[in-house]
Structures are given as structure tokens and as C-alpha cells.
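> Dropping a structure here in C-alpha cells format, bear with me for questions.
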Amino acid sequence: MTTTDHTTTASTVPTTPADVLEQIARRWPSPVVAASQVRTLTGGVISGKTLANLKSKGESVPDSLLIGGRRAYVVASLIEWLRRRSRTQTGGGRHA
């Protein structure tokens, strides 16, 4: 009888914000992400509209370009921007 080991190795489970963000970047199939797809890339955490609002307020946002009149963010810049804004929170903390 054959058994299958369903344990997950530590190397496959992201454990820090940097690990999670690196995994997101590796899985995205393009060097850019359309503003309309930022929500998909980030798992719903940030949207392209949020980035547009921040930019309109003069706040720092990831590098972007216009392609055919549509905004696209550079994935590497977006990941770095998310990294700067991320922090780790463990159980027992206050949740928004």
C-alpha cells in the first residue's frame, strides 16, 4: 500500500511579507500589471483605484506607464512599494 505525504515543507510556505511578495511577483506572468488587475495581483488588498487616489494626493506610488491611454504598473516597482508598506502582524493584535 502506498501512502502520500501531504506535509508542506518550510521552503514552499511563505512566512514573511517579503516571502509572500516574492511569490506574488514570481507568479504574475508579465512585467507590468494593468491598473484594472492590481486587485487580482494583490489578492484584493490594493486596487488600481487606490493607487490612482494616492497619486492624486501627491503620495508615492509604484512606477507606471501609459499604454494606449491605459495605466500599467511595473510589477517590480509595485512589489517594492508593497514591501515598504508591509509589516508583520501575529495573532492577538488589533484588526481593522
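Rule-based calculations on the coordinates, nothing more; no lab input. If you're wondering where the values come from, they're calculated on a predicted model, not measured in any experiment. Note that we place each Cβ from the backbone using ideal geometry, even for glycine, and neighbour counts take in every protein chain shown.
> Please list, in order along region 18-33, the HN-Hα scalar couplings obtained from phi with the Karplus expression 6.51 cos²θ - 1.76 cosθ + 1.60 (θ = phi - 60°), rounded to whole Hz, x for Gly and Pro.
4, 4, 4, 5, 4, 5, 4, 4, 5, 7, 6, x, 9, x, 10, 9
> Oh, and also: Take peptides 78-88, 58-68 and line them up by average Cβ neighbours within 10 Å, highest first, as a rough protection proxy.
Top to bottom by mean Cβ count within 10 Å: 78-88, 58-68.
> Multiply the residue gap between GLN37 and LYS49 by 0.36 nm, knock off their C-alpha separation, and tell me the result in nm, one decimal place.
3.3 nm is the gain from fully extending GLN37 to LYS49.
> I would also like to ask the following. Check which residues have an amide H placed less than 5 Å from ARG71's amide H, if you skip close sequence neighbours.
For ARG71, the qualifying residues are ALA35.
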